[in-house]
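Please read the structure below before turning to the comments.
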Number of protein chains: 2
Amino acid sequence: MNRLNHREGILFVLSAPSGAGKTSLCRELIDSLSDLRQSVSFTTREKRGGEQEGVDYYFIEAEAFQKKIAAKELAEWAEVHGNLYGTSLQTLTDAAQQGTDLLLDIDCQGAAQIKHSYERGVFIFILPPDYAELEKRLRDRGTDDETVIQRRLENSREEISQAFWYDYLVVNDDFKLARDRIVAIVTAERCRSHRTAYLLDKLTIKGEK
Amino acid sequence: MNRLNHREGILFVLSAPSGAGKTSLCRELIDSLSDLRQSVSFTTREKRGGEQEGVDYYFIEAEAFQKKIAAKELAEWAEVHGNLYGTSLQTLTDAAQQGTDLLLDIDCQGAAQIKHSYERGVFIFILPPDYAELEKRLRDRGTDDETVIQRRLENSREEISQAFWYDYLVVNDDFKLARDRIVAIVTAERCRSHRTAYLLDKLTIKGEK
């Protein structure tokens with residue numbers, strides 16, 4: 001690819017406490033921004049009905065996953081309910097080199113690992129308008145009992161207390177507004193001069209007599 | 001104003017070589033973003049028909065202007081065709097404290113002075129798609145003779161060569177797209193965490209038991 005016509009792909013990392021609406025927002029972003037691709041993670045858990053290899057996850061054996069950890073091939077990884085999940089550093093660097101913008105939906109600890117290992121990325125944290133609303137949303141799901149709701153609220157407080165280092169804070173007071181704010185962040189980051197300096201080179205060369 | 005409910009106003013500085021479409025873009029931005037105000041400059045030139053004090057400019061005497069320079073009250077100033085033009089530092093700091101976002105349309109040298117004296121601001125440079133298009137736009141105006149056109153093109157090259165330090169580069173290939181990109185930058189900058197950390201304070205306080 002021609003260096004002068006080329007912008008490096010950007011990694012957008014999205015985190016949010018549960019109940020802040022992250023899953024719906026991510027789905028909406030991938031649907032509405034055709035030039036933004038969801039980052040696909042590796043996992044050791046069993047493939048569920050309807051899930052596709054390379055679309056939902058890359059499904060691998062625990063031994064292969066451990067090798068990736070040992071070889072420092074993962075930008076982040078975590079164990080959840082006995083299964084391993086992780087993002088390959090190669091996935092991120094390939095996308096960057098190809099000029100592909102990626103969306104990675106991950107919790108605060110994963111995001112912090114990415115920031116440390118990948119040293120790039122735009123970090124966006126989605127906030128609920130307030131705790132009362134967060135609690136209401138968790139209850140309205142009707143899927144969790146009181147203990148689970150209380151634990152989720154506790155986790156949310158913990159996650160929000162870590163949000164200070166993110167680049168952007170987006171309040172999800174209104175779904176459409178929140179989506180528009182994230183779309184605006186994607187558009188703005190694509191215009192940042194450290195990413196678009198090749199435009200100046202192009203103009204300088206074309207402009208020379 | 002309550003610190004916890006308050007975001008500092010942002011200064012958006014827009015520069016562009018002549019022919020890049022800056023004037024139309026600024027007018028469109030002020031019209032479409034009701035919560036963005038055009039910054040009003042001081043000038044020593046005569047008021048023209050239709051111009052309003054405090055809307056188009058603050059019209060002052062040369063002596064008063066010189067006093068402002070001496071007292072370091074100006075964030076930037078310049079002499080153009082024998083008249084003085086400048087932006088008051090007080091205008092900028094008042095808007096910031098009141099949470100008012102300002103748009104300042106100014107050349108590269110003025111922008112550089114602002115960056116130095118005000119030490120804040122979001123700097124956006126508008127680029128023409130290429131030199132051929134810039135030349136075409138200058139010729140299509142039909143107002144300038146060949147010497148003036150050549151001088152403007154030369155100035156444009158000079159301005160573009162200084163654009164590297166701006167925060168954002170926006171290509172005006174299509175007026176509507178360029179406007180949308182600047183609107184996106186305004187929206188995104190309003191979400192930046194160093195400006196919206198008060199949201200975390202609010203959630204932390206409300207969230208405490």
Six or more apart or on different chains, Cβ atoms under 7 Å: show the pairs whose first residue is in the stretch A:154-178 and within 7 Å of chain B (Cβ to nearest Cβ) and whose second is in a helix (DSSP H, G or I) and among the charged types (D, E, K, R).
A:Val170/A:Arg181
Reported set for the stretch B:116-131 where residues are more than 10 Å from chain A (Cβ to nearest Cβ) and farther than 24 Å from B:Thr187 by Cβ is B:His116, B:Ser117
Filter the stretch A:103-147 down to the residues that are surrounded by 16 or more Cβ atoms within 10 Å (Cβ to Cβ) and among the aliphatic types (A, V, I, L, M) and list them by number.
A:Leu103, A:Leu104, A:Ile106, A:Ala111, A:Ala112, A:Ile114, A:Val122, A:Ile124, A:Ile126, A:Leu127, A:Leu134, A:Leu138
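Rundown of residues vs (1) more than 19 Å from A:Ile160 (Cα to Cα); (2) modelled with pLDDT of 95 or more; (3) assigned to a helix (DSSP H, G or I), yes/no style:
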site: A:Gln109; (1), (2), (3): no, no, yes
site: A:Ala112; (1), (2), (3): no, yes, yes
site: A:Lys115; (1), (2), (3): no, yes, yes
site: A:Phe123; (1), (2), (3): no, yes, no
site: A:Pro129; (1), (2), (3): no, no, no
site: A:Leu138; (1), (2), (3): no, no, yes
site: A:Asp144; (1), (2), (3): yes, no, no
site: A:Thr147; (1), (2), (3): yes, no, yes
Any idea which of B:Phe42, B:Phe59 is under 16 Å from the mean Cα position of the chain (by Cα) and surrounded by 15 or more Cβ atoms within 10 Å (Cβ to Cβ)?
B:Phe42
If A:Gly99 satisfies every condition in (1) closer than 18 Å to A:Ser39 by Cβ; (2) more than 10 Å from every other protein chain (Cβ to nearest Cβ); (3) in contact with a strand residue (DSSP E or B) (Cβ under 6 Å, 6 or more places away or on another chain); (4) in contact (Cβ under 8 Å) with a residue 40 or more places away in the chain but one, which is the exception?
(3)
Turns out the strands (runs of 3 or more DSSP E) fully within the stretch B:1-76 with at least 1 residues that are without any contact (Cβ under 8 Å) to a residue 40 or more places away in the chain are B:57-59
Does B:Val186 satisfy the criteria of being under 22 Å from the mean Cα position of the chain (by Cα) and modelled with pLDDT under 95?
no
Quick one: A:His194 ticks every box in (1) under 22 Å from B:Phe123 (Cβ atoms); (2) in contact with a Lys or Arg (Cβ under 8 Å, 6 or more places away or on another chain); (3) more than 8 Å from chain B (Cβ to nearest Cβ) except a single one, so which number is it?
(2)
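The values are calculated or read from the model by the stated rules, or taken from the named source; none is laboratory data. In this text, all values refer to a predicted model and were calculated from it rather than measured experimentally. As a convention, Cβ positions derive from the backbone with ideal geometry for all residues, glycine included, and neighbour counts pool all protein chains shown.
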